[in-house]
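Every number here is computed from the coordinates shown, using simple stated rules; none is lab data. This one's a predicted model, so the numbers in the text were calculated from it and none came from an experiment. Please note: Cβ atoms are built from the backbone with ideal geometry, for glycine as well, and neighbour counts cover all protein chains shown.
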Amino acid sequence: MRFVLHITFLFNLCVFFSQAQIKKDTLQKVNLLKKKIESEFDIKNYKSDPHDRLIFELNHTGFLNLTPTIKQDNLKSIGFNFAFMFDKPIGNSNFSFAYGLGLLSHNFHSNADFVYVKDSIKTGLLTTLKPFDRPYTLNRFAQKILEVPLEFRFRTKTDKQFKIHLGGKIGYVVNDFRSIKDNDGKIRLYHIKNINKLRYGVNFRIGYEQFCLTATYYLSEVFNSNGPSGITPYTIGIAIIPY
């Protein structure tokens, strides 16, 4: 009988210490996990890693300062922009500097006909914009612009990031053409005369996580000195930043 009591006592003692050890191990794991979560989003321990390196934009594209007779079709004037950026955090701060390479597709749908007039003073042709004098179903002026963007960026030190990007870009028109479709058929005209190949302007982006509102205002004009003066491009739309 005494032997059975000893065995029972030892068994209960082992069970007690086993449960205590399990509780101790569980508590240690919980504390480690808690410290890890707290330190991950702790401002003091925050590590500023590169972000926002791949940018896709869907934009409304158009021209400003057109004459009253030229009407832009805002619903059809849709363009795309793609940029690959190198993001360089400034220490452990909220700020970073970014630079990269992008390609903009700018489309301008309107009633504008590009008319060439011989210059009586200089040799060459002048470009003017006049309303189409015949029915048409498509009248698009498209430009492909290779760009180098430079941005100063702000991001919050939180799990879900609010962000603001402000900067500028400089580019070169690598391709331009007009697409016209009327009763006589469809035609595409390349190398429009008197186009200003140089593009530069300011851009702005504000958003949350992978989605932003974006806008670009170009300071450079669409045409050179032999074309209509004062016409400048712009874009406004939505940016998706997956990486």
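Points worth noting:
- With the simple model of a label 7 Å out from the Cα in the direction of the Cβ, residue 181 to residue 93 spans 5.2 nm.
- When the C-alpha to C-alpha distance is required to be over 32 Å, the pairs from 157/197; 144/186; 118/144; 71/118; 76/193; 88/197 that qualify are 157/197.
- Residue 150-residue 211 FRET efficiency (beta carbon distance; Förster radius 30 Å; 0.05 resolution): 0.85
- Restriction of the trypsin sites (Lys or Arg not before Pro) in region 173-226 to DSSP coil positions whose beta-carbon has at most 16 other beta-carbons within 10 angstrom yields 193, 197.
- Between residue 111 and residue 58, the FRET efficiency from the beta-carbon distance, with R0 = 25 Å, is close to 0.55.
- Hydrodynamic radius (Kirkwood) for region 54-240, which is based on Cα pairs only, to one decimal in Å: 17.9 Å
- Sorting 159-165, 102-108, 145-151 by average packing, meaning the other beta carbons within 10 Å per residue, from highest down gives 102-108, 145-151, 159-165.
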